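Following: one structure in structure tokens, then a few remarks.
Only the coordinates and a few stated rules stand behind these numbers; no lab work does. Model, not experiment: these values are computed from the prediction. Cβ atoms come from the backbone with ideal geometry, glycine included; neighbour counts cover every protein chain shown.
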Amino acid sequence: MNIDAKYHPTPEQLEGFAQGSLAPGMNVVISAHVELCSTCRKSISELEEAASEEWLRSAPATRASSINFSAMIDRIVDHPQMKGDDITRNNVPKIHMLDHSVTLPRALAKVASDGLVWNQLAGGINQAMVTLDDQTQCEFLYMKPGSQVPVHKHQGNEVTLVLDGSFEDELGHYKPADFVVRTAKDLHQPASEEGCLCFAVLDSPLTFTKGLARLLNPFIRYRFRRATSAAAY
Ligand SMILES: [Zn+2]
């Protein structure tokens, strides 16, 4: 599947992905984008190639004992996202929308394969949370046509991968495969005219800044803390 994305992960995010140093939630959303985006697939291959060259230069002793090393690297570079993935084309989970269904990228199909529980939020937004680790909050979001998320800013990073339809905010209009990165500095209000399905990963709680939505803040912080502290206790 190849769609021309206009917005991509940052170079730091791609590097972290290639090195395997990201939290599982962030890893999944980048993996899903890379599956859809040939530009980023190429960047990942180059990063992995550079890393393997670096390894060849720096570890002659280890190298001598790894006869199949280059064959192994070839396999990794050829299929960076498919290791251990046994989902075949015939049973890829789809998300059923009002009038059509959406085939998910493999990385997300796996995430959704246990079933999703949708909750209706205010403003025509539906949310299905998934727990992938204790450092991120991950969710599928479905914005009904004409819906709007309250104005909010982030204490950390929020990344959103568009899967179907489109949404817009103050900085742009986002279509399938677009990877939207918002940091602690950004204040934004996503809205969707035609409706939009996306997958969002947040590495710290949202802060709503206006009106009634502000009242949600303690709840959101509580929920996030509960999610992030599950592993600590
Ligand atoms: Zn890309």
Could you give the length gained on full extension between Glu46 and Lys185, defined as 0.36 nm per residue of separation minus the Cα-Cα distance, in nm? 47.0 nm
Under the Karplus relation with 6.51, -1.76 and 1.60 and θ = phi - 60°, whole-Hz ³J(HN,Hα) for segment 130-136, x at Gly and Pro, equal 10, 9, 10, 6, 9, 10, 10
Under the 7 Å Cα-to-Cβ spin-label approximation, Ala122 and Trp55 lie apart by a distance in nanometres of 5.1 nm
Under the Karplus relation with 6.51, -1.76 and 1.60 and θ = phi - 60°, whole-Hz ³J(HN,Hα) for segment 34-51, x at Gly and Pro, equal 4, 4, 8, 10, 5, 4, 6, 4, 5, 4, 5, 4, 5, 5, 5, 5, 4, 5
Most to least packed among 41-47, 141-147, 103-109 [average Cβ atoms within 10 Å]: 103-109, 141-147, 41-47
Amide hydrogen neighbours beyond the local backbone of Asp164, cut-off 5 Å, H modeled: Leu197
